[in-house]
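Chemist: Quick one: this structure, given as structure tokens, is what I'll be asking you about.
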Amino acid sequence: MRVLVVGSGGREHALAWKLAQSPALSELHAAPGSPGIAELAECHPIRADDAEGILGLSRSLEVDLVVVGPEVPLVMGLADALRRFGLSVFGPSAAAARIEGSKAFAKDVMAEAGVPTAARLPLARPPCVVKADGLAAGKGVFVCRTQAEVDEALRALAPVGADVVVEELLEGPEVSLFAICDGRELVPLVSAQDFKRAFDRDEGPNTGGMGAYAPVPGVGPGETDELVATVHRPVLAELERRGVPFVGVLYAGLMLTSNGPRVLEFNCRFGDPETQAVLPLLEDDLLELLAAAAGGQLEGVRVECAPGAAVTVVLAAEQYPADGNRGATITGVDDARAAGALVFHAGTARHGQRLVTNGGRILGVTALGATVADARAAAYDAVRMIEFEGMRYRSDVAAAAAAGASYAIAVDPSS
């Protein structure tokens, strides 16, 4: 099969890395790709949000499957444009991608589907969570425990121009759960936990993600099936009932509260950086799985995950998420790989023979181990081999899980 991966971040590098392992793959292309992806695929200088350019490239290459990574082109209707010309696409239509593109739409879908979620509040008063209704690259959520924090959240979101959604503030551990969907059926992947805040101890502003690990202790296959039955399947059925079947990754961000799991948000694509921890544990052929989903043929499909754990640590620019880093030389990537780590490029470029920084999140360093503690130690050993000016990372990714923390899924007493 000839495959085109759309995107250029760490998520797309992880997707390309896993797709490249498929015996069914004959050609792998990416648009626009990255220096890391270029080691695996032929890259084409076309932006992910250039629907006309992606369509022309897909037709000229005669690709058998287009895998769309980022949310923006999906919400803008890239998958629709490709399907109109008979191309097979892994990624939802614009109508189905509203599950991420509009918090209000997602709330309405969940209400109709009977899916537990944070209650929507009429006014922004602490304690609460203030969210941009539209896309914000993972940075449009503000947890507010004081009036000053509410005021700051509203000021920060004002330039975005999007409507604001205010929700109750829930407490508990967060879990990310991906389900591969074909419009009617779905296949869940291993659970993961993301580290959104910029600094250690969950301090600082929200980011696109500073690290992740998988699986989450206490959220194994049985618990995953329970969560999928409670959350993903009702939403998938409701979207189909509305005439907008969801084909792609239905990603639920969940909070495990003392009253049971609650949905914080839905995303319409693979999470980043969770994908960099989840896919290395997938034992099955990712290309066959995504092609089956795109073709509506997931019925009866199950996937197997490798034993052990994976931990990903994001190396970011000093001022991220406020600003990025561009043009600084990156060293040590080959050393980290030689030590057994996977290094996924999130924001890099080539200047001649030099690998340089080109974004806010620069690299994702992933390591595997028999336990979360083993994987965490290996990941941080590899991180310390890499250097670039202003490099910053959280030192507490997966620390609680490595120390033995486990998370139980409470039963809602009202159910």
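Chemist: Restricted to the stretch 342-373, and to residues that are small (Gly, Ala, Ser) and under 20 Å from the mean Cα position of the chain (by Cα), which residue is most open to solvent (accessible area, probe 1.4 Å)?
Modeler: Applying the filter and picking the extreme gives 346.
Chemist: Name the single residue, out of those in the stretch 95-112 being open to solvent by 30 Å² or more (accessible area, probe 1.4 Å) and either of a type in the set (Gly, Ala, Ser) or touching a Cys at 6+ places or on another chain (Cβ under 9 Å) (or both), that is farthest from residue 166 (Cα to Cα).
Modeler: 95
Chemist: Being part of a helix (DSSP H, G or I) and either of a type outside the set (A, V, I, L, M, F, W, C) or under 25 Å from residue 77 (Cβ atoms) (or both) is the filter here; which residues of the stretch 15-50 pass it?
Modeler: The answer is 15, 16, 18, 19, 37, 39.
Chemist: For residues in the stretch 296-341 being touching a strand residue (DSSP E or B) at 6+ places or on another chain (Cβ under 7 Å) and in a helix (DSSP H, G or I), which is surrounded by the fewest Cβ atoms within 10 Å (Cβ to Cβ)?
Modeler: 337
Chemist: Do the conditions hold for residue 359, that is, is it at pLDDT 95 or above and in contact with a strand residue (DSSP E or B) (Cβ under 7 Å, 6 or more places away or on another chain)?
Modeler: no
Chemist: Same structure again: Restricting the search to the stretch 20-39, which residues are free of Cβ contacts under 8 Å to residues at least 40 places away in the same chain, over 20 Å from the mean Cα position of the chain (by Cα) and buried (at least 18 other Cβ atoms within 10 Å of the Cβ)?
Modeler: 28, 29
Chemist: Go through the stretch 219-250 and give me each residue that's out of contact with any Pro (no Cβ under 9 Å at 6 or more places or on another chain) and open to solvent by 10 Å² or more (accessible area, probe 1.4 Å).
Modeler: Result: 220, 222, 223, 229, 233, 234, 237, 238, 240, 241, 242, 243.
Chemist: For the stretch 362-382, check the following and say yes or no: at least one residue is of a type in the set (Lys, Arg), farther than 25 Å from residue 41 by Cβ and either assigned to a loop (DSSP other than H, G, I, E, B) or without any contact (Cβ under 8 Å) to a residue 24 or more places away in the chain (or both).
Modeler: No, the stretch 362-382 contains no residue that is of a type in the set (Lys, Arg), farther than 25 Å from residue 41 by Cβ and either assigned to a loop (DSSP other than H, G, I, E, B) or without any contact (Cβ under 8 Å) to a residue 24 or more places away in the chain (or both).
Chemist: Right, here's the next one. Can you confirm whether the stretch 123-135 contains a residue that is of a type in the set (Gly, Ala, Ser) and under 23 Å from residue 184 (Cβ atoms)?
Modeler: No, the stretch 123-135 contains no residue that is of a type in the set (Gly, Ala, Ser) and under 23 Å from residue 184 (Cβ atoms).
Chemist: Does residue 170 satisfy being over 27 Å from residue 95 (Cα atoms), open to solvent by 50 Å² or more (accessible area, probe 1.4 Å) and of a type in the set (A, V, I, L, M, F, W, C)?
Modeler: no
Chemist: Regarding the stretch 270-286, can at least one residue be identified that is of a type outside the set (A, V, I, L, M, F, W, C), in a loop (DSSP other than H, G, I, E, B) and in contact with a helix residue (DSSP H, G or I) (Cβ under 7 Å, 6 or more places away or on another chain)?
Modeler: So far as the stretch 270-286 goes, yes, one or more of its residues are of a type outside the set (A, V, I, L, M, F, W, C), in a loop (DSSP other than H, G, I, E, B) and in contact with a helix residue (DSSP H, G or I) (Cβ under 7 Å, 6 or more places away or on another chain).
Chemist: Moving to a separate point now. Would you point out which residue out of 154, 239 is outside any strand (DSSP E or B), free of Cβ contacts under 8 Å to residues at least 60 places away in the same chain and on the phi < 0 side of the Ramachandran plot?
Modeler: Exactly one residue qualifies, and that residue is 154.
Chemist: If you don't mind, another one. Which residue, of 209, 172, is in a loop (DSSP other than H, G, I, E, B) and more than 27 Å from residue 248 (Cβ to Cβ)?
Modeler: When all the criteria are applied, what remains is 172.
Chemist: Of the numbered conditions (1) at pLDDT 90 or above; (2) more than 17 Å from the chain's Cα centre (by Cα), residue 193 fails exactly one; give the number of that condition.
Modeler: (2)
Chemist: Next up: Can you tell me which residues in the stretch 103-113 are farther than 17 Å from residue 257 by Cβ and in contact with an Asp or Glu (Cβ under 9 Å, 6 or more places away or on another chain)?
Modeler: 103, 104, 105, 106, 107, 109, 112, 113
Chemist: With 100, 149 as the choices, which residue is among the acidic types (Asp, Glu), modelled with pLDDT of 90 or more and over 16 Å from residue 250 (Cα atoms)?
Modeler: None of the others qualify; the one that does is 149.
The values are calculated or read from the model by the stated rules, or taken from the named source; none is laboratory data. Everything numeric here is computed off the predicted structure, so don't read it as measured data. Glycine gets a Cβ as well: all are built from the backbone with ideal geometry, and neighbour counts include every protein chain shown. Remember, those area values only see protein heavy atoms, side chains included, never the ligands or the DNA or RNA. Shrake-Rupley method; radii C 1.70, N 1.55, O 1.52, S 1.80 Å.
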